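A quick write-up on the structure given underneath.
The values are calculated or read from the model by the stated rules, or taken from the named source; none is laboratory data. Here the structure is a predicted model, which means the values were calculated and not measured. Virtual Cβ from ideal backbone geometry, glycine too; neighbours counted across all protein chains shown. Surface areas here come from the heavy atoms of the whole protein model, side chains and all, with no ligands, DNA or RNA. Shrake-Rupley method; radii C 1.70, N 1.55, O 1.52, S 1.80 Å.
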Amino acid sequence: MTVDSSAASEPRRSAAGKAGTTGSKTGTKRTTRTTSRSTTRAATGSGTRTSTDPELVQLLTPEGKRVKNAEYDAYVAGITPEELRGLYRDMVLTRRFDAEATALQRQGELGLWASLLGQEAAQIGSGRATREDDYVFPTYREHGVAWCRGVDPTNLLGMFRGVNHGGWDPNSNNFHLYTIVIGSQTLHATGYAMGVAKDGADSAVIAYFGDGASSQGDVAESFTFAAVYNAPVVFFCQNNQWAISEPTEKQTRVPLYQRAQGFGFPGVRVDGNDVLACLAVTRWALERARSGEGPTLVEAFTYRMGAHTTSDDPTRYRGDEERLAWEAKDPILRLRRYLEASNHADDGFFTELEAESEALGKRVREAVRAMPDPDKFAIFENVYADGHALVDEERAQFAAYQASFADVEGV
């Protein structure tokens, strides 16, 4: 893959990543290497490459061709055809689940749904890079990461149906509950990572957020504390280029990954539609964290092919030309092309996966419709670890309020 001569002399990561970083636990100094890279297109979706477009890590082109990368190939060097098929399966089933959830909301079965359509590679690649003992802090769109962490997809839907407050125990899968408040989970992740460091644990923390959240003060505070305390945390920003209806260029004058430089830790931009590159870069960043080298900002440059949520109409603020340009870079189609060209998957594999996908959709639909109404008194549980007199008083008042309806019905 060719590169502009003017860009070839520039490092892929921000300047903060050039000095003092180590490539492994042995403390070996990582050197900055110039390798074959691709550049991102302008945010207009035209596909036009300009000299000002920032570079990004790419291992699979949109056509499904493998691109060599001397810096990150080592992190996927041992990947097997079976594991590649596994990544493809993860993305296909995640998309099928997401499509079913969207349909359920349209039919009145869910109150709201935030689709991940187009962001499967960023989530599956990064999610599969984590270890079991790592801890994940999501926002509300990380359905693919939840899948990788072993959270039953039907549990994700309980909150959006209004029958529970999350649906899973965060400590069972080291996967925190979805966070609706934009950007606040980065503070939780940083604090948790600081605790991990003090405990001397050999694990890392990863926090997910979007390009819109990157403008929140909570995220800036998280960067500050993570840098100062050298916390073992990876900040994974899925830049899908639209914070609801606000394009990225309305929020920042520099690429998002370069913000890390001002806080003193590395930032790297990866092709968010390339599951192999997302896997490699996240493995590298998590290894840094576990090795005591501190935080990293990973910007996965991708695209939200659907609406921000089911209450949004993206046709009001972006055109079909942009969407069609990104559909041509579909992360699932990209990996399928590579699997077929490499003879790593046959027709039987794709046929079986299609049947599995349909079975998942049916299971999800049936499970949602069978969800029981919530216990009215569940809101008083788990408020305090050891209980609280005020909560007890509120529970009693609520019980009396509920009983008043029974009295009216009995009249």
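For the reader, a short list of remarks on this structure follows.
- Taking each residue of the stretch 139-162 that is in contact (Cβ under 8 Å) with a residue 12 or more places away in the chain and within 20 Å of Gln107 (Cα to Cα) and looking for partners that are open to solvent by 10 Å² or more (accessible area, probe 1.4 Å) and not in a loop (DSSP other than H, G, I, E, B) with beta-carbon atoms closer than 6 Å, six or more apart or interchain, yields Thr154/Ala367.
- Residue list for the stretch 276-287, restricted to those being open to solvent by less than 10 Å² (accessible area, probe 1.4 Å) and within 14 Å of Phe236 (Cβ to Cβ): Ala277, Cys278, Leu279, Ala280, Val281, Thr282, Trp284, Ala285, Leu286
- Residue within the stretch 229-243 that is open to solvent by 30 Å² or more (accessible area, probe 1.4 Å) and modelled with pLDDT of 95 or more present: yes
- Scanning the stretch 250-266 for residues being open to solvent by less than 60 Å² (accessible area, probe 1.4 Å), aromatic (Phe, Trp, Tyr) and in a helix (DSSP H, G or I) gives a total of 1.
For (1) out of contact with any Cys (no Cβ under 9 Å at 6 or more places or on another chain); (2) surrounded by 15 or more Cβ atoms within 10 Å (Cβ to Cβ); (3) assigned to a loop (DSSP other than H, G, I, E, B); (4) modelled with pLDDT under 95, each residue gets a yes or a no:
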{"site": "Gly27", "(1), (2), (3), (4)": "yes, no, yes, yes"}
{"site": "Thr35", "(1), (2), (3), (4)": "yes, yes, yes, yes"}
{"site": "Met91", "(1), (2), (3), (4)": "yes, yes, no, no"}
{"site": "Phe97", "(1), (2), (3), (4)": "yes, yes, no, no"}
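- Subset of the stretch 329-352 (residues that are small (Gly, Ala, Ser) and surrounded by fewer than 17 Cβ atoms within 10 Å (Cβ to Cβ)): Ala341, Ser342, Gly348
- Within the stretch 316-326, being surrounded by fewer than 15 Cβ atoms within 10 Å (Cβ to Cβ) and part of a helix (DSSP H, G or I) holds for Arg316, Asp320, Glu321, Leu324.
- Taking the stretch 136-189 and the helices (runs of 4 or more DSSP H) fully enclosed by it, the elements with 1 or more residues that are touching a strand residue (DSSP E or B) at 6+ places or on another chain (Cβ under 7 Å) and open to solvent by less than 30 Å² (accessible area, probe 1.4 Å) are at 143-148.
- Close pairs (7 angstrom Cβ cut-off, 6 or more residues apart or separate chains): open to solvent by less than 80 Å² (accessible area, probe 1.4 Å) in the stretch 361-384, assigned to a loop (DSSP other than H, G, I, E, B) anywhere: Val368/Glu109; Met371/Val163; Pro374/Val163; Pro374/Asn164
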